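Visitor: First the structure, which I've put down as structure tokens, then a few questions once you've had a look.
The values are calculated or read from the model by the stated rules, or taken from the named source; none is laboratory data. Please read these numbers as outputs of a predicted model, since none were measured by experiment. Counting neighbours? That spans all protein chains shown, and the Cβs are built from the backbone with ideal geometry, glycine included.
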Amino acid sequence: MIPRHFQITVALVLLAILVSGMVIIRITHKEEAMTLRGADTAPVVPVVGGKQEHIQVLVAYDDDQALRWRPADVFLPAERGMRARETLRCVMAQYLQSPSPHPLAKGADIKDVYFINDDTMIVDTTAQFADGHPSGILLEEMTLASLIETLAANVPGITKVKFLVDGKERETLAGHADLMSFYQTAAVHEMAKEFE
């Protein structure tokens, strides 16, 4: 016959397993209910006013060492800052496709743009934009020229642009192109003409 203390131990272990299972099921149901309640009370993101537009973007071509205008269809919000950000992201999308005419690192993106006043814009990029950018004065200048020219062509009134990397100033893009200064769009326009 099985000793009594062994029977009691087995009964207690089975009871502990049963109680633990019920507690786990109850906690799971509470988490699911909280998640569903959280989804119901989450703030509703307002619909951004805007429309699909046919724009021109200036794209760098490494093999030809040239800049060329290319048509693109993109949804552009009516608000000027969001319009500028989406315009720049349209250029970045050209560089992140495969094959790319001007490859950039995965994760390179425009985080946000800020207007200091009506004609001066700060462009905040991801760290990958600078950290993974190919080094070389020509490649770096072509990237900046394509972004600034596209911005100037599609968001009127911008005369100065400065780039930040992950919210901070950086001396250069990838060792050559200056990121500490403000770029004058008129000067960039003249430089870009040489590559077209």
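Visitor: Considering (1) free of Cβ contacts under 8 Å to residues at least 60 places away in the same chain; (2) among the hydrophobic types (A, V, I, L, M, F, W, C); (3) crowded, with 17+ Cβ neighbours inside 10 Å, say which one ALA145 fails and leave the rest.
Guide: The one condition ALA145 does not meet is (1).
Visitor: Let me ask something additional. Which of the residues belonging to segment 78-103 are surrounded by 17 or more Cβ atoms within 10 Å (Cβ to Cβ) and either of a type in the set (Lys, Arg) or under 16 Å from ASP124 (Cα atoms) (or both)?
Guide: Across segment 78-103, the qualifying residues are ARG83, ALA84, ARG85, GLU86, THR87, LEU88, CYS90, VAL91, MET92.
Visitor: Can I ask one more? Within the group LYS160, LYS168, which residue is more than 24 Å from ALA72 (Cβ to Cβ), of a type outside the set (Val, Ile, Thr) and crowded, with 17+ Cβ neighbours inside 10 Å?
Guide: None of the other options fit; the residue is LYS160.
Visitor: Testing GLY81 on (1) in contact with a strand residue (DSSP E or B) (Cβ under 7 Å, 6 or more places away or on another chain); (2) closer than 19 Å to LEU173 by Cβ, one condition comes back false. Which one is that?
Guide: (2)
Visitor: If you check LEU173 against the conditions, is it hydrophobic (A, V, I, L, M, F, W, C), touching a strand residue (DSSP E or B) at 6+ places or on another chain (Cβ under 9 Å) and either over 19 Å from LEU67 (Cα atoms) or modelled with pLDDT of 90 or more (or both)?
Guide: It is false that LEU173 is hydrophobic (A, V, I, L, M, F, W, C), touching a strand residue (DSSP E or B) at 6+ places or on another chain (Cβ under 9 Å) and either over 19 Å from LEU67 (Cα atoms) or modelled with pLDDT of 90 or more (or both).
Visitor: Under 6 Å by Cβ, and 6 or more places apart or on different chains, what pairs join a residue from segment 87-107 that is under 26 Å from ILE158 (Cα atoms) and in contact (Cβ under 8 Å) with a residue 12 or more places away in the chain with one that is among the small types (Gly, Ala, Ser) and surrounded by fewer than 19 Cβ atoms within 10 Å (Cβ to Cβ)?
Guide: CYS90/ALA72
Visitor: So is ILE137 in contact with a His (Cβ under 6 Å, 6 or more places away or on another chain) and either aliphatic (A, V, I, L, M) or farther than 18 Å from GLN184 by Cα (or both) or not?
Guide: It is true that ILE137 is in contact with a His (Cβ under 6 Å, 6 or more places away or on another chain) and either aliphatic (A, V, I, L, M) or farther than 18 Å from GLN184 by Cα (or both).
Visitor: Exactly one of (1) loosely packed, with under 14 Cβ neighbours inside 10 Å; (2) aliphatic (A, V, I, L, M); (3) under 15 Å from LEU147 (Cβ atoms) is unmet by MET121. Its number?
Guide: Evaluating MET121 over (1) loosely packed, with under 14 Cβ neighbours inside 10 Å; (2) aliphatic (A, V, I, L, M); (3) under 15 Å from LEU147 (Cβ atoms) leaves (1) as the failure.
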